[in-house]
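The values are calculated or read from the model by the stated rules, or taken from the named source; none is laboratory data. The structure presented is a predicted model; accordingly, all values stated were derived computationally and were not measured. All Cβ positions, glycine included, derive from the backbone under ideal geometry; neighbour counts span all protein chains shown.
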Amino acid sequence: MDLSTLLQILDSTVRLGTPLLLACLAGLFSERAGIFDIGLEGKMLMAAFFSGAVAAITGSVLLGLTAGVLSSLVLSAIHGAASITFRGNQLISGVAINFLASGLTVLIGQKWFQLGGRTPPLTGDGRFSPITLPFAETLREVPVIGPIYYELISGHSILVYVAFAAVPLSWWLLYRTRFGLRLRAVGENPAAVDTAGISVVRLRYAAVMICGLLTGLAGAYLATALSAGFVKEMTAGRGYIALAALIFAKWRPVPALGATMLFGLLEAIANRYQNIDLGGVVLPVQFMQALPYILTVVILAGFIGKATPPRAGGEAYVKER
Amino acid sequence: MTRMPRWADVALIPLLNLVIAFAISALVILAIGENPWEALKIMVSGALGSSYGWGFTLYYATSFVFTGLAVAIASHAGLFNIGGEGQATLGGLGVALICLSLPWPHWSLALLAASLGAAAFGAAWAAIPAWLQAKRGSHIVITTIMFNFIGASLLNYMLVNVMRPVGSMDPASARFPEGATLPTLNDMAAGLGFVWGKNTPANVSFFIALLCCLGVWALIWKTRLGYQIRAFGKSEPAAVYAGISPVRITMYAMLISGGLAGLMAINNVMGEAERLVLNAVEGAGFIGIAVALMGRNHPFGVLLAALLFGFLYQGGGELALWTTIPRELITVIQALVILFTGALDNMVRAPVERLFARRGIR
């Protein structure tokens, strides 16, 4: 394998890993605050649809992005109401949100565009275009570093850089601010946070809304940057892979980057090579597709380190018993 | 704890939840520019107005009974089995391997063997998450979700690389032999001398589903194991104190659950398609969640809820045929039913409880 092939694979790793990274950080905020979220998939799908649809109608990708994030926030608010205010089962609420998104996107898409759930293809300002970083063209001829800078680091859409910047930002927010400390505490021991006179409900809603914002970006990236328009069921299980990556990363932001890029790499390899021949043993493409899930089960089983979720995860907080 | 009479808990609350879910569905239909009342009429006449409609309604309902019972029995043990989809996929693999292995002389033998195969494969697919939950404390919701995807990949591999007949481009198994063809309800009605449900897929597995309802009811409320499952589901520490082994109950509950989900394959794979195709389950595993929630995890409730969803599925198909409403409306209704009967249950329950408490109705 030469450098250019390697760079191409790594380049698509970044592209495919970005929505996973955004969704994984989204899940991280929610789950660190004690709200399980298996509705990442649905929120991404909803955001992908609304960003694609609004961008197609208005021709402006920024309006599309706004609409996508808003739609994702609405679903987050439903999840918050169900799991925080009404103390319902968070897993069931997540399942419902996934179905709601999967049905509504096609229903509204068909009503608006009559294209069988698809949105019209996006062109020009309807999409996020690649950004060429400074000096990328000039440095291109420099051996090794030039192509890496030109192919791999430069030339992505703004949302990719936002996603990568979100990693240190999340780390800082969670581990270096008062809000972050409280947010983590509310996922471990909400009663202690409550005793300190801080609102558990408000903190958890804040976390769920941050989650909605980030899944909104992830969905918008799918429809307006990775592809040009929305296609029915376009998230294709990415919300669940992000969930898997979150466990893989043991609910920490920096390892989340590693986990999502690893899963992005697996997807990139599976897209590029059908079957992989490892000197006699042939790995079928289906195995590569299943690998993120298999790795997650192995991690969950605790054979490679222990993945311990936030202690109060999944439980509604009742002030007085 | 209960401030409500039993009838309100069992019937009134689910009914109110359902009414809200359907009212919002009606608003959705209005929003996309169709008339909800007309839509309902089309659904009722299309799904229940003829024996043709009933033939499809019962066919869908049969699948949902199996997956609904699967979710219900796991729920009694306090486990959320979201992996019905994968377990039913593997059940299909079991059915196909058995149907294709022998030139079956009679359908009854084939059905017996295929049922065992379906249940065994489904149970095996539930066994790993169950074991990991029981022994290693891995969250069963996440592991069963992962196993859905792994199951889909496994089926894809088996169909494309192993079971696909030579020369065929279609990722599907060969057709099952003649002897493995299950009698449809239409055939059975014809045997009794009248015409019912011509060209519909409802088949003898409907009766197996009914038997399973009875069996699950007896298991949960009339056996020692059922008592232990319920005790474990209500309070794990209390169950452990009473000498009930968490590992044993988790394994049993999930094996039965996976087996029931796997059994669905005798309906869709053996009874309808008569070969194994990609994505044969078509989301029925997830509908089991809605069915179990609505049926309050009681086999009779599961049966009623499965019939309702069978009606929605067939009615939704008719809607897509005669109006501009796409089939995905059913997904939205399903989502709303799960949301209101499951996650937002307290939104309805709390005010109703207060009402009963104030009135002092007993």
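Among helices (runs of 4 or more DSSP H) entirely within region B:124-227, having at least 1 residues that are touching a His at 6+ places or on another chain (Cβ under 7 Å) and away from every other protein chain (no Cβ under 13 Å) singles out B:205-222.
Inside region B:1-51, residues that are out of contact with any Leu (no Cβ under 7 Å at 6 or more places or on another chain), hydroxyl-bearing (Ser, Thr, Tyr) and either over 17 Å from B:Leu319 (Cβ atoms) or modelled with pLDDT of 90 or more (or both) make up a count of 3. All conditions but one from (1) surrounded by fewer than 23 Cβ atoms within 10 Å (Cβ to Cβ); (2) within 10 Å of the chain's Cα centre (by Cα); (3) among the charged types (D, E, K, R) apply to A:Glu233; the one that does not is (2).
Residues in region B:326-362 that are surrounded by 16 or more Cβ atoms within 10 Å (Cβ to Cβ), more than 8 Å from chain A (Cβ to nearest Cβ) and over 18 Å from A:Ala101 (Cβ atoms): B:Thr341, B:Val348, B:Arg349, B:Val352, B:Glu353, B:Phe356.
Of all residues in region A:262-272, none are more than 17 Å from B:Ile150 (Cα to Cα) and acidic (Asp, Glu). Within the set A:Gly80, A:Gly109, the sole residue that is in contact (Cβ under 8 Å) with a residue 12 or more places away in the chain, of a type outside the set (A, V, I, L, M), more than 8 Å from every other protein chain (Cβ to nearest Cβ) and touching a Leu at 6+ places or on another chain (Cβ under 8 Å) turns out to be A:Gly109. The single condition among (1) within 14 Å of another protein chain (Cβ to nearest Cβ); (2) over 19 Å from A:Leu91 (Cβ atoms) that B:Glu272 does not satisfy is (1). Taking first residues from region B:266-289 that are in contact (Cβ under 8 Å) with a residue 40 or more places away in the chain and partners that are basic (Lys, Arg), the Cβ contacts under 8 Å between residues at least 6 apart in sequence or on separate chains come to B:Val269/B:Arg275; B:Glu274/B:Arg175; B:Arg275/B:Arg175.
Does B:Ala190 meet the test of being touching a residue at least 40 places away in the same chain (Cβ under 8 Å) and surrounded by 14 or more Cβ atoms within 10 Å (Cβ to Cβ)? Here the answer is no, as B:Ala190 does not meet what is asked.
Scanning region A:188-209 for residues that are buried (at least 23 other Cβ atoms within 10 Å of the Cβ) and either within 16 Å of the chain's Cα centre (by Cα) or aromatic (Phe, Trp, Tyr) (or both) yields a count of 2. Restricted to helices (runs of 4 or more DSSP H) entirely inside region B:269-362, those with at least 3 residues that are under 16 Å from the mean Cα position of the chain (by Cα) are B:284-294, B:299-322, B:329-338.
Restricting to region B:105-130, and then to whatever is surrounded by 18 or more Cβ atoms within 10 Å (Cβ to Cβ) and of a type outside the set (Gly, Ala, Ser), can you tell me which residue is farthest from B:Ala88 (Cα to Cα)? In this case the residue turns out to be B:Trp107. Of the residues in region A:271-281, at least one is more than 14 Å from chain B (Cβ to nearest Cβ), surrounded by 14 or more Cβ atoms within 10 Å (Cβ to Cβ) and out of contact with any strand residue (DSSP E or B) (no Cβ under 6 Å at 6 or more places or on another chain).
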